[in-house]
Each structure stands twice: as structure tokens, then as C-alpha cells.
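The values are calculated or read from the model by the stated rules, or taken from the named source; none is laboratory data. Just so you know, these numbers come straight off a predicted model, no measurement behind them. Here the Cβ positions follow ideal geometry from the backbone for every residue, glycine too, while neighbour counts run over all protein chains shown.
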Ligand code: HAH
């Protein structure tokens, strides 16, 4: 069956609740353009606005891919979520070293952070309405609070507050988010809460929490997700689900990755995943007062980072459209709810 007149638009069905987003890349903007135009009204760059891509050398900015994404969004009446400014990953070494190859001074790193934001936030001032200013700054370990990172080494724990203040000065009308994964695990959830509560107490401009939503079929439980939403919402900030996907595999931790069994995405699995998505979207609708955007980390199952995470070369089927770009059972459950 092809995408016919009778397929409702996900974004139109969800208009009363929140905007519907997808992470895109230069290839999928072409190969998945029809699905994007029909079902989505928000896009996030999967990689093209990350530091190492957009600002690979101190005097070199590469805007071609990000510009194309912004143009696609404009042409199709979509909004753009910016991802991401300050992160321990996919940030080039030059940011943290001086001409002699030694760790750069705090002042130097601070100036570089500002220059990066002035150029990137400045360029997209009118096109990107919100930014993941800081990504994944909280530790996954129970005995640690912040994740060690080169930003923190250079600037101290205050780097997070600095990043938000700087972003706000440069783009005063942008909505500024803190974004993280494992955001529903009680220990990490409470640390994210503590971080954002502390920033708000200090008067730091932060407007939202991004819950990445890289989840599995049974974990986290709906109750855990609800508890996290409640806790974050109690801070008075908005929530975006920024990187949603539901892997059909068990999560596999480091040493035994190779033993992870492959699966076939059969009818039973498709139905189980649809049950999961039905519950999730019902929960999100219930909290639509605070959840203002839900973004999938991809568009259709033919192209997903989950094929290589957490296990390399293991096919996964985490999204709402199948490998042929047709709506999956999860899609029909998402649009056919009792209003
Ligand atoms: C996210 N990290 C990042 O925010 C996103 O930019 C990236 O493209 C994919 C997922 C999730 C993550 C990871 O990459 C590695 C370990 C844990 C979690």
C-alpha cells in the first residue's frame, strides 16, 4: 500500500498537543523528503550543527549543510531545533589547546565558546528557535555529579552557567535547553533536576529540559518516564522529547556487545512496539502543557543510528515508518486515539 490520501498527517493530528520533529541529515532531506513534508513540522540536524562539523578549525566555519537544512525547513513551514553548542563529544581538539599544543587557558576557551556562539547563533538568529545549549553534562555514575569534560577542565563547573548566559546574550529570543540521556533513571534524573534547579536559582537563562528518549521496549517503564516528566515540569521549564526512538533490542553493555542476538522485525514485534508507542504518546499528550515538542532521532527504519548503537551492524527498527517509508502499526496507534 502506498502513502495515500487516507494516511493522516502525524503533525496535523498532534497540532493541538506539540510539534512533531525528526533528526535529519543531508541525505535524508532528499531521500525522506516526502515523509518529512507530510508528517513533520520541526527538524533537528543529526550532526550538521555540531561543533566539529560547523566549526572544524578556529578560522573555518562550514555552513553549507546547516544552511540547506534551514532552507528546507523554511520552504516547508517547519521550525528548527538547534543541536548542539557545548558538548564533550564531536568537539574539535583545537578548542582546548593553545598554539604550543598545551591546554588552553580558561580565557582562551571562554573566548572561543563566545566566538562560536556569536557566529552560529548569530547566523541562525531568525531561523532556529531553540538550542540544546549544553548536551550530556551529567555523569552516569552514582558517585559523580558532573561528567568530566574538556569544557569543565578549562572553565570549571561554572561552564554550564556560562554557556547559557552567553547564548542568551547573543540570542535573547531563543529558547535554551539542557539535553541529556538516561534522563528517567532516578539517580541521573535527580542530578539533572539539581543542575537545572541550581541554574534557575542563580538566575541563569534556561527555558527547557530535553529528554532524549533513546529507550527500549520495556525500559524505562511508563511510570519512570512519568516521574521524570513530573519532576522536570515542577521546575517550571518546558520539556522537549528531543531524540526519541524505541529500540526493539535489549540494551547491551560494553563487554558482551558481540553476543547481542539479532532479531527479525515480525508482526508480533511490530505489535509490541505499537503498544509501547501508544502508551508513550498517550503519556506525552497528557503532559502537552509542558511537553511542547516530540522529535524522533530519524524518520524511517531504513536509516537509523540505532543500527550501530549500542551494537555495531545490528539492524534495528526504532521509528514510526518502516524501511519502505510506510507507516508502521505504531504510527496508526499514534494517530487513532480517542480524542
Ligand atoms: C545522542 N547521544 C546525541 O545527543 C546525538 O547528538 C547523537 O547523534 C546521538 C545520540 C546519546 C548517547 C551516545 O551518543 C553515546 C552514549 C550514550 C548516549
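Below is a table of values for the structure above.
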read-out: Close pairs from segment 68-91: first closer than 13 Å to residue 132 by Cα and without any contact (Cβ under 8 Å) to a residue 40 or more places away in the chain, partner within 12 Å of the ligand (Cβ to nearest atom) and in a strand (DSSP E or B), Cβ under 9 Å, at least 6 apart; value: none
read-out: Some residue of segment 239-256 being modelled with pLDDT of 95 or more, surrounded by fewer than 17 Cβ atoms within 10 Å (Cβ to Cβ) and part of a helix (DSSP H, G or I); value: no
read-out: Pair list, Cβ under 6 Å, 6 or more apart: segment 227-249 residue within 16 Å of residue 175 (Cα to Cα), other residue in a loop (DSSP other than H, G, I, E, B) and within 16 Å of the ligand (Cβ to nearest atom); value: 241/213; 242/212
read-out: Sole residue being within 16 Å of the ligand (Cβ to nearest atom), out of contact with any helix residue (DSSP H, G or I) (no Cβ under 7 Å at 6 or more places or on another chain) and over 19 Å from residue 300 (Cβ atoms), chosen from 203, 208; value: 208
read-out: Some residue of segment 23-46 being within 14 Å of the ligand (Cβ to nearest atom), under 25 Å from residue 165 (Cβ atoms), surrounded by fewer than 16 Cβ atoms within 10 Å (Cβ to Cβ) and in contact (Cβ under 8 Å) with a residue 40 or more places away in the chain; value: no
read-out: Those residues of segment 283-330 which are under 25 Å from residue 238 (Cα atoms) and either surrounded by fewer than 17 Cβ atoms within 10 Å (Cβ to Cβ) or away from the ligand (no atom under 16 Å from the Cβ) (or both), in sequence order; value: 283, 284, 285, 286, 287, 288, 289, 290, 291, 292, 320
read-out: Selected residue (criterion: surrounded by the fewest Cβ atoms within 10 Å (Cβ to Cβ)) from residues of segment 123-155 that are within 15 Å of the ligand (Cβ to nearest atom) and under 14 Å from residue 190 (Cβ atoms); value: 141
read-out: Subset of segment 211-238 [more than 16 Å from the ligand (Cβ to nearest atom) and either within 17 Å of residue 81 (Cα to Cα) or not in a helix (DSSP H, G or I) (or both)]; value: 217, 218, 221, 234, 235, 236, 237, 238
read-out: Segment 176-194 - residue that is within 15 Å of residue 239 (Cβ to Cβ) and not in a strand (DSSP E or B) and, of those, farthest from the ligand (Cβ to nearest atom); value: 193
read-out: Whichever residue in segment 63-119 is within 16 Å of the ligand (Cβ to nearest atom) and out of contact with any strand residue (DSSP E or B) (no Cβ under 7 Å at 6 or more places or on another chain) and, among such residues, is farthest from residue 44 (Cα to Cα); value: 92
